[in-house]
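The values are calculated or read from the model by the stated rules, or taken from the named source; none is laboratory data. Everything quoted here is computed from the prediction, not taken from an experiment. Here the Cβ positions follow ideal geometry from the backbone for every residue, glycine too, while neighbour counts run over all protein chains shown.
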Amino acid sequence: MTGDPTDLTLAEAARLLRRRGVSAVELAQAHLNRIRTTDSLLNAFITVDETGTLASAKESDRRLRTGGGAARPLEGCPIALKDNFVTLGLRTTCASRLLADYSPPYEGTPSGRLKAAGAVVLGKCNMDEFGMGSSNEHSAFGPARNPWNLARTPGGSSGGSAAAVAARLCLAATGTDTGGSIRQPAAFCGLVGVKPTYGRISRYGLVAFASSLDQAGAIARTVEDAALLLQAMSGHDPNDATSARRPVPDWPALLKRGIAGMRIGVPEEYFGEGIEDGVRQAARDAIATLAALGAQVQTISLPHSPYAVACYYILAPSEASANLARYDGVRYGRRAGGPLDLNGLYVQSRAEGFGREVTRRMLLGAYCLSAGYYDAYYAKAQKVRTLIRDDFTRAFETVDVIAAPTTPTAAFLLGERRDDPLALYLADALTIPASLAGLPALSVPCGFTAEGLPLGLQLIGKPFAEDDILAAAQAYEQATDWRKRRPEFPA
């Protein structure tokens, strides 16, 4: 092929590999070279597996040469995994000192399915520790940086994945979304990020943060690429009791069905106080484009959305405090040296291993679950979560898709909100409601600020109606040129 292989989209690379227009080894080596020469600026990767990457690429070339790879949709395509996806024999750190040297004894379902589809895993991407953060600054391995502006955050917690895709270090990457951790980084980095319906992708092999909210998803440069990655990971898994027994549609084939007659709701609560003027206008312009493409646009109300952040920051830390209790210095992970007794081992191992933000959320969660406060906080937050879910249920009686900004602002400066947890938590104000309701949602690029920072349009669908939001995003993407812009990185 002519040109730089790292400029290919995932779909283009897959087609070119099947036609033998490029080899898997050539494609893998091009991305490894780019990582080697530029990731010191971004810090997008925690672990790069050069040996494993080239071995997998050689196997893909063999399969493609003999015809065995023709049926595997991602054969030979180099991707990256967020570092909370459990991978057999490849360290999984969750960006924490506690798991800095942890090499899992098994393969998780999402990563295993991607490998079974032929994907070549380049390595593991940086993130906020255990997924707790919105800026990727809460990582034991240092912050990742936004390739559009190295002084700014790529978002979080899947910031390393978004930075790697935007900077052409991989064709696509996985992320996890608990309160917006796929959609917000995608918006900040000018990418497509999809969180499917809760239960659509197995959580077996995802290191838990908040079990009733965590969901794996895709970060890519185009809607088609995101659909391909999502397709490979989805489906029922008997290893996960919350995994949905629903058939997986052929999402890539459904992208071009158009949106004529699609009913799109615009929630007034998502355009109010705290939303930057440029963000608000970009989203409204994008919605006008959807209307011009044949969608029927109407204003709706999601009245309990303003309570979503407060609700989330009771429920998610409460679940985190229970999930992270397993890190006791006994079974696996960091073990403190020289404690006086068993309790000392627990305390010292956790004090040495957990970072500041994780500690803050665990303490908050333990407080909300404690005797005398459970009913006042946790039980009440569960009731508010039901009200938020009911708002969406009523809205979807009259609309098919909900459209709004993905984030209140564009990517903010690294360090700007590090010492102000509330300001950082509000970065997810527009993504949290869909997470609390377990709904499919995505972000698609919809413009840029005057400073050249990307902005995202969020599309939210009915349960298990990923095809609706993907079709709407595809129609918008093809009608605009935002996907063609790329960061001038390295400068």
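Tabulated values for the structure
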read-out	value
Positions within region 272-291 being free of Cβ contacts under 8 Å to residues at least 12 places away in the same chain and under 20 Å from D468 (Cα atoms), in sequence order	A288
Odd one out for R284, checked against (1) out of contact with any Cys (no Cβ under 6 Å at 6 or more places or on another chain); (2) in a helix (DSSP H, G or I); (3) closer than 26 Å to L213 by Cα	(3)
E107 being in contact with a Gly (Cβ under 6 Å, 6 or more places away or on another chain), among the charged types (D, E, K, R) and outside any helix (DSSP H, G or I)	no
Subset of region 73-91 (residues that are more than 17 Å from the chain's Cα centre (by Cα) and either outside any strand (DSSP E or B) or modelled with pLDDT under 95 (or both))	P73, L74, E75, G76, C77, L88, G89, R91
Condition met for L430 (touching a Pro at 6+ places or on another chain (Cβ under 9 Å), modelled with pLDDT of 95 or more and not in a helix (DSSP H, G or I))	yes
Criterion (touching a helix residue (DSSP H, G or I) at 6+ places or on another chain (Cβ under 6 Å), among the hydrophobic types (A, V, I, L, M, F, W, C) and buried (at least 20 other Cβ atoms within 10 Å of the Cβ)) met by exactly one of A411, A427	A411
Lone qualifier among A216, A232, A241, A253 - being of a type in the set (A, V, I, L, M), farther than 18 Å from D468 by Cβ and surrounded by fewer than 20 Cβ atoms within 10 Å (Cβ to Cβ)	A241
Flag if K124 is charged (D, E, K, R), buried (at least 22 other Cβ atoms within 10 Å of the Cβ) and either in contact (Cβ under 8 Å) with a residue 24 or more places away in the chain or touching a helix residue (DSSP H, G or I) at 6+ places or on another chain (Cβ under 9 Å) (or both)	yes
Top-ranked residue in region 332-382 [being among the charged types (D, E, K, R) and part of a helix (DSSP H, G or I); ranked as surrounded by the most Cβ atoms within 10 Å (Cβ to Cβ)]	R361
Checking V223 against (1) without any contact (Cβ under 8 Å) to a residue 60 or more places away in the chain; (2) within 30 Å of E107 (Cβ to Cβ); (3) crowded, with 17+ Cβ neighbours inside 10 Å, the condition it does not meet	(1)
Residue, nearest to A116 (Cα to Cα), within region 226-266, restricted to residues that are of a type in the set (A, V, I, L, M) and in a loop (DSSP other than H, G, I, E, B)	V248
Sole exception among (1) surrounded by fewer than 17 Cβ atoms within 10 Å (Cβ to Cβ); (2) within 21 Å of V279 (Cα to Cα); (3) at pLDDT 95 or above; (4) out of contact with any strand residue (DSSP E or B) (no Cβ under 9 Å at 6 or more places or on another chain) for L422, by number	(3)
The one condition in (1) free of Cβ contacts under 8 Å to residues at least 60 places away in the same chain; (2) surrounded by fewer than 17 Cβ atoms within 10 Å (Cβ to Cβ); (3) more than 24 Å from the chain's Cα centre (by Cα) that P303 fails to fulfil	(1)
Evaluation of C170 against (1) of a type outside the set (K, R); (2) surrounded by fewer than 24 Cβ atoms within 10 Å (Cβ to Cβ); (3) more than 23 Å from R326 (Cα to Cα) (one fails), failing number	(2)
E269 being in a loop (DSSP other than H, G, I, E, B), under 24 Å from P421 (Cα atoms) and without any contact (Cβ under 8 Å) to a residue 60 or more places away in the chain	no
Failed criterion for R418 (all others in (1) within 18 Å of S158 (Cα to Cα); (2) touching a helix residue (DSSP H, G or I) at 6+ places or on another chain (Cβ under 6 Å); (3) outside any helix (DSSP H, G or I); (4) not acidic (D, E) hold)	(2)
T174, sole failed condition from (1) under 12 Å from the mean Cα position of the chain (by Cα); (2) farther than 26 Å from H236 by Cα	(2)
Residue under evaluation T66, criteria (1) under 25 Å from the mean Cα position of the chain (by Cα); (2) over 29 Å from Y102 (Cα atoms), criterion not met	(1)
Output for region 384-407, where each listed residue is crowded, with 20+ Cβ neighbours inside 10 Å and either part of a loop (DSSP other than H, G, I, E, B) or not charged (D, E, K, R) (or both)	I388, F392, F396, V399, D400, V401, I402, A403, A404, P405, T406, T407
Helices (runs of 4 or more DSSP H) (entirely within region 1-71) containing at least 3 residues that are within 23 Å of V86 (Cα to Cα)	24-42, 50-66
Filter pass, G452 being surrounded by fewer than 24 Cβ atoms within 10 Å (Cβ to Cβ), part of a strand (DSSP E or B) and modelled with pLDDT of 95 or more	no
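Residues are listed down the side, and each one gets a yes or a no for (1) in contact with a strand residue (DSSP E or B) (Cβ under 7 Å, 6 or more places away or on another chain); (2) at pLDDT 95 or above; (3) aliphatic (A, V, I, L, M):
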position	(1), (2), (3)
P408	no, yes, no
A441	yes, yes, yes
C446	yes, yes, no
L459	yes, yes, yes
